[in-house]
1. Go through 36, 10 for me and flag whichever is exposed (fewer than 15 other Cβ atoms within 10 Å of the Cβ) and modelled with pLDDT of 95 or more.
2. Where the second residue is among the small types (Gly, Ala, Ser) and within 16 Å of the ligand (Cβ to nearest atom) and the first is closer than 18 Å to residue 35 by Cα and lies in the stretch 103-125, which pairs have Cβ atoms under 6 Å and are six or more apart or on separate chains?
3. Hey, can you tell me all the residues within the stretch 18-31 that are exposed (fewer than 14 other Cβ atoms within 10 Å of the Cβ) and not in a loop (DSSP other than H, G, I, E, B)?
4. Among (1) under 15 Å from residue 112 (Cβ atoms); (2) in contact (Cβ under 8 Å) with a residue 60 or more places away in the chain, which single condition is residue 79 missing?
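The values are calculated or read from the model by the stated rules, or taken from the named source; none is laboratory data. Because the structure is a prediction, the values reported are computed rather than measured. Virtual Cβ from ideal backbone geometry, glycine too; neighbours counted across all protein chains shown.
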Amino acid sequence: MERYFAASLSTLPRLRFEDVERIVGRHSTTKEARLSKGYKFFVEAFIHNYQVSNVVDRKVVVRARCYRSMRKNEEPHTLEMALESEEVVGVSTYMCSCAAGKGLCNHLTTLLYQTAHYVQLNLQTVPPPLACTGSTSRGSEGTSCPETKISWEDWNQVYPIQGLHR
Ligand SMILES: [Zn+2]
């Protein structure tokens with residue numbers, strides 16, 4: 001079956017916040033630091049362009065972009081992870097465009113928190129992004145709204161989805 005992505009959250013496995021801690025603990029040697037940074041990024045709404053795939057081989061792939069910093073005007077990181085819906089939700093493969101992306105990094109931790117948040121709220125679709133408030137954005141020098149939308153075609157060229165099936 002072919003994998004496709006949408007803003008629908010209906011295929012998300014029931015990832016809970018305690019699952020985030022368990023998964024990060026399994027995939028990172030610096031669990032506490034990851035959790036605290038990841039939670040901070042989540043609260044700051046660093047995750048955007050969140051999309052969820054259909055279920056293929058009992059796996060759902062979640063992908064999104066994540067800002068690098070509060071300034072939000074640098075090229076965001078690109079993230080992707082495959083969630084397996086067994087009795088407890090697990091993460092099978094993941095990647096992030098940051099240098100630390102070989103392990104489970106802060107951004108992927110943020111993506112997990114974001115996912116648990118959507119599950120907790122029982123949302124059926126990704127909510128639309130908050131309106132850009134421009135000059136009120138935390139006193140940063142970048143006062144314009146950064147253009148962060150990329151097409152999924154472009155995305156697939158950079159990070160082919162088949163890359164997940166190694
Ligand atoms: Zn990262």
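1. 36
2. 103/28; 104/28; 106/38; 109/38; 110/38; 111/64; 113/38
3. If the condition is that a residue be exposed (fewer than 14 other Cβ atoms within 10 Å of the Cβ) and not in a loop (DSSP other than H, G, I, E, B), then 18, 26 are the ones that fit.
4. Just one mismatch for residue 79, condition (2).
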